[in-house]
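The structure under discussion appears below in the form of structure tokens.
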Amino acid sequence: MKEIGAFLLAGLFWGSSFLWIKISVADVHTTSLVAWRLLFGALGLIAILKIRKKKLPRDPLVWKRIILLSFLSPVIPFYLIAWGETQIDSSVASILNGTTPLFTIVAAHFLLHDEKITVSRVFGLLLGFAGVIVLVTRGQSTTGLLQGLIAGGSTGVVLGKLAVVGASFCYAVSTVLLRKTLRNMPSFELATCILLVGSIVAWIVVYFVNPPVILPTKPITWFALAWMGLLGSSLAFMLYFYLLNTWGATRAAFTNYIFPLVGLGLGIVFLKEKADWSLAFGALLIVAGVLSANIKSLSFFVSKEKSIPPR
């Protein structure tokens, strides 16, 4: 039951982040948003680390892997999603980011020996990516889309959607590589190291790309950044890495079932974002694709399987 609780909470915290990102990008630059989010996340975990009297790893090889993997998650995805939401609705971003399990299947096939692509997974991939195409081309004819890209009129919206898809790809590759290279590292220490490195990188980016640092002007922005950092990053990453160690790469990616629904609902209710048949159809295809691709793995909800315990 601990795994199910971690699964639900991680999906809830990540799903709500899309709402807070949309609110924050109206007040701060995307580079500052990522830097503040990661700073809050890193400080939260470091504080708990001190309270629990835990220590960070000292192995140089472990730190090299952490530094490299921190770019794949969270640094690059956070930038891509934050910028993407300057162009598209948070609800669309949350659904597109729900494609992570599909990319995870592909990455796991090539990088892990025990998670190979099957016929059902190929069918699921085709369904899921059909949903991506529906959402990326949403509201535009094929001719209008091509003309807009050539003329530049639709570039922002389309690239915003593709940026979020790119974030999903980064999350997927990171999930598999973390599973492959750092699977025996305790989840709490791993999450702390990842966010600490990510925070340092993000503030370096702010210094070189967008100086000087401009503080948020609205209280709601500070709340959003703290929420995304403490709950949507530090706690969610800790829960996710725990699932990664106990359930495996493909199953841990199932958190993506929850947060698209959370992000979709919050965007429509609180931001009054538009919901139409293409949004619903694209979301349905993606969910159906993920379910089809992982149909055998879904049995872990009703049957107990051998897991890999964290150290």
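Here are the numbers:
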| quantity | calculated |
| --- | --- |
| Restricting segment 258-291 to residues that are assigned to a helix (DSSP H, G or I) and of a type in the set (Val, Ile, Thr), the residue that is modelled with the lowest pLDDT | 290 |
| Odd one out for residue 90 among (1) among the hydroxyl-bearing types (Ser, Thr, Tyr); (2) under 20 Å from residue 190 (Cβ atoms); (3) at pLDDT 95 or above; (4) touching a Phe, Trp or Tyr at 6+ places or on another chain (Cβ under 9 Å) | (2) |
| Selected residue (only one of 303, 234, 297, 307 is among the polar types (S, T, N, Q), out of contact with any helix residue (DSSP H, G or I) (no Cβ under 6 Å at 6 or more places or on another chain) and either within 21 Å of residue 8 (Cα to Cα) or at pLDDT 90 or above (or both)) | 303 |
| Check on residue 135, touching a Ser or Thr at 6+ places or on another chain (Cβ under 8 Å) and modelled with pLDDT of 95 or more | no |
| Test result for residue 73, closer than 30 Å to residue 207 by Cα, among the hydroxyl-bearing types (Ser, Thr, Tyr) and surrounded by fewer than 24 Cβ atoms within 10 Å (Cβ to Cβ) | yes |
| Number of the exception - residue 58 against (1) in a loop (DSSP other than H, G, I, E, B); (2) in contact with a helix residue (DSSP H, G or I) (Cβ under 9 Å, 6 or more places away or on another chain) | (2) |
| Check on residue 101, modelled with pLDDT of 90 or more, in contact with a Phe, Trp or Tyr (Cβ under 8 Å, 6 or more places away or on another chain) and crowded, with 17+ Cβ neighbours inside 10 Å | no |
| Yes/no for residue 225 being within 23 Å of residue 99 (Cβ to Cβ) and in contact (Cβ under 8 Å) with a residue 60 or more places away in the chain | no |
| Residues satisfying the stated conditions in segment 92-120, i.e. under 14 Å from the mean Cα position of the chain (by Cα) and not aliphatic (A, V, I, L, M) | 94, 97, 98, 99, 100, 101, 103, 104 |
| Qualifying helices (runs of 4 or more DSSP H) (wholly inside segment 69-134; at least 2 residues being small (Gly, Ala, Ser) and touching an Asp or Glu at 6+ places or on another chain (Cβ under 6 Å)) | 90-97 |
| Hits in segment 167-200 (condition: surrounded by fewer than 18 Cβ atoms within 10 Å (Cβ to Cβ) and closer than 20 Å to residue 80 by Cβ) | 200 |
| Residue in segment 152-168 that is in contact with a helix residue (DSSP H, G or I) (Cβ under 6 Å, 6 or more places away or on another chain), within 30 Å of residue 59 (Cα to Cα) and at pLDDT 90 or above present | yes |
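Residues checked against (1) of a type outside the set (A, V, I, L, M, F, W, C); (2) within 12 Å of the chain's Cα centre (by Cα):
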| residue | (1), (2) |
| --- | --- |
| 44 | yes, no |
| 48 | no, no |
| 55 | yes, no |
| 62 | no, no |
| 72 | no, yes |
| 78 | no, yes |
| 83 | no, no |
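Quick grid of which residues meet (1) of a type in the set (Lys, Arg); (2) out of contact with any Cys (no Cβ under 6 Å at 6 or more places or on another chain); (3) under 23 Å from residue 181 (Cα atoms); (4) surrounded by 16 or more Cβ atoms within 10 Å (Cβ to Cβ):
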{"site": "5", "(1), (2), (3), (4)": "no, yes, no, no"}
{"site": "16", "(1), (2), (3), (4)": "no, yes, no, yes"}
{"site": "21", "(1), (2), (3), (4)": "no, yes, no, yes"}
{"site": "26", "(1), (2), (3), (4)": "no, yes, no, no"}
{"site": "30", "(1), (2), (3), (4)": "no, yes, no, yes"}
{"site": "45", "(1), (2), (3), (4)": "no, yes, yes, yes"}
{"site": "61", "(1), (2), (3), (4)": "no, yes, yes, no"}
{"site": "65", "(1), (2), (3), (4)": "yes, yes, yes, yes"}
{"site": "78", "(1), (2), (3), (4)": "no, yes, yes, yes"}
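The values are calculated or read from the model by the stated rules, or taken from the named source; none is laboratory data. This is a predicted model, so every value here is computed, not measured. No Cβ is skipped: glycine too gets one built from the backbone with ideal geometry, and neighbour counts run over all protein chains shown.
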